[in-house]
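Below is one structure, written out as structure tokens; the observations come after it.
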Amino acid sequence: MLAFQPPCRLLGRFLPGADPHASVNVSCDGRHWARVPVTQDADGPNFALDLPSVAKTRPIDIAITSIGEGLLGAMTARVQPRLNAHGLAAASVLAVHDQPQFGAPWMSFDGARIVVSGSHLPPGGDPGQLSVRFGPGVAFEVAYPLPSPEFEHHFWYWPNGGLSNFQITIDLASSAAGSDPFSFEFVYPTAAPSSHSTDGIQGVGRKVYIPRRLDSAVCFPRDSNQLTRVQTWSNDLSVNFTGYSAFKTIESLFGHYGVRAGPGVTILDWGCGHGRVTRHLIQNWPEARISGADVDRQNVEWCNAHLDGDFVTLPLRPPSSIADASLDGIFGISVMTHLTADVQQLWLKEIARILKPDGVALITFAGFAAVSFASVFRSPEWWQRWQETEFDDEQHDPALDGKIDDGTYYRNTLQSPSYTLGAWGDYLEIVDIYPGAIGNQDVAVLRRRNAAKRSAS
């Protein structure tokens, strides 16, 4: 029995006592749309899914099949545009960003098995498209898709976002000697090609890394809300796990552009917080000189007391105390995402000052993925303004209220790659942009412009 629930929801139920397969295939207008799981409740086996997003109301012919059983049911549904609570259409958001986002923030370890859990939007709306790839010899199991009400809420525009949760169980004892059970990659065939592809750079994009060493989890802040000041959902394990995976991405990008671990190499974590990523760089690049800087004095003091590096408190606006041309590499994760356009420009000039002539800066910004994530709160009018300007720094972020002197300084800033290419080029050359390389943030790869280039631009 099939039922349509406007604007775009299809419900299916089998007769009591039926023993269907674990999933069904759904076709729309003669083309495969999605494979979704069959679940069991008190009334028997059933399934539910979102149909394709439409810009205007239109009929869609639906067919349900199951492996080995052929056609199970068919109907025509008049599918309507999906809107958020403010009237913004899902089709408008998908037109801006149609790549599936994911998060893998949780892990546990019982001494023999590692369990990683999180959420990954079904590629193209189809949970059946997603798989997980380890290297040879790794024993693992994947449970996907699982219900995910939080992703369904935030990614309201994404078909079948409520079928996003996953759980990956890695059996270390059963894995082959010499295998790598500490990294995996999400694989799906519908990823659109990018002009700045990350496929050739190990550790960037859809790859997740698990900390190999237990001592990376030793000593985190215990006072007040230091651990969760910006990422309010964090705990000790998630901070260590996500910090290590971000470090591996940064390490891979640095290596690709010529900055590698070695004696005397100087690296700055700009916006280090409590050292979520810095600690992994210190541990894994022991011969390098690692430093951190932040406007949050309490976190800087904690880092100086507990981590083996040099940490300085930054003013809200430059100049800083960091020496000219002293750094081979600078990375800033989720810093520009909290600065106004004017303050961004001040810090870009400062980064150019402290970076060595052949140095590399990796700076994240909140691009199309972040804009789509925040669309649940947006109206059509805001969306129209965003499409015209591709920049917004109007929203205050309260995460550092009481921790810095200026209550208007810390923002939630959104900007497109094209805006970034145009606005960030006065003092630094943008070599590449990698969309969604760290969480839902893009990474810009920057180098210094020489004086001749700067005067000519």
Among residues of region 53-73 being free of Cβ contacts under 8 Å to residues at least 40 places away in the same chain and not basic (Lys, Arg), the residue least open to solvent (accessible area, probe 1.4 Å) is Ile60
From the option list Ser252, Ser291, Ser321, single residue qualifying as assigned to a loop (DSSP other than H, G, I, E, B) and of a type in the set (Gly, Ala, Ser) is Ser321
Note: among Thr413, Thr408, just one is open to solvent by 30 Å² or more (accessible area, probe 1.4 Å) and β-branched (Val, Ile, Thr), namely Thr408
Of the residues in region 1-52, those that are open to solvent by less than 30 Å² (accessible area, probe 1.4 Å) and of a type in the set (Phe, Trp, Tyr) come to Phe47
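Residues in region 227-245: is at least one among the basic types (Lys, Arg), at pLDDT 95 or above and either open to solvent by 10 Å² or more (accessible area, probe 1.4 Å) or closer than 21 Å to Lys403 by Cα (or both)?
So far as region 227-245 goes, no, none of its residues is among the basic types (Lys, Arg), at pLDDT 95 or above and either open to solvent by 10 Å² or more (accessible area, probe 1.4 Å) or closer than 21 Å to Lys403 by Cα (or both).
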Exception for Gly137 within (1) closer than 22 Å to Pro7 by Cβ; (2) assigned to a loop (DSSP other than H, G, I, E, B); (3) open to solvent by 30 Å² or more (accessible area, probe 1.4 Å); (4) not aliphatic (A, V, I, L, M) falls at (1)
Residues of region 74-97 being of a type in the set (A, V, I, L, M, F, W, C) and surrounded by fewer than 14 Cβ atoms within 10 Å (Cβ to Cβ), in sequence order, are Ala74, Ala85, Ala95
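The values are calculated or read from the model by the stated rules, or taken from the named source; none is laboratory data. Computed from a prediction, not measured in an experiment: that's the story for all the values here. So basically every Cβ, Gly included, is an ideal-geometry build from the backbone, and we count neighbours across all protein chains shown. Accessible surface areas use protein heavy atoms only, side chains included; no ligands, DNA or RNA. Shrake-Rupley method; radii C 1.70, N 1.55, O 1.52, S 1.80 Å.
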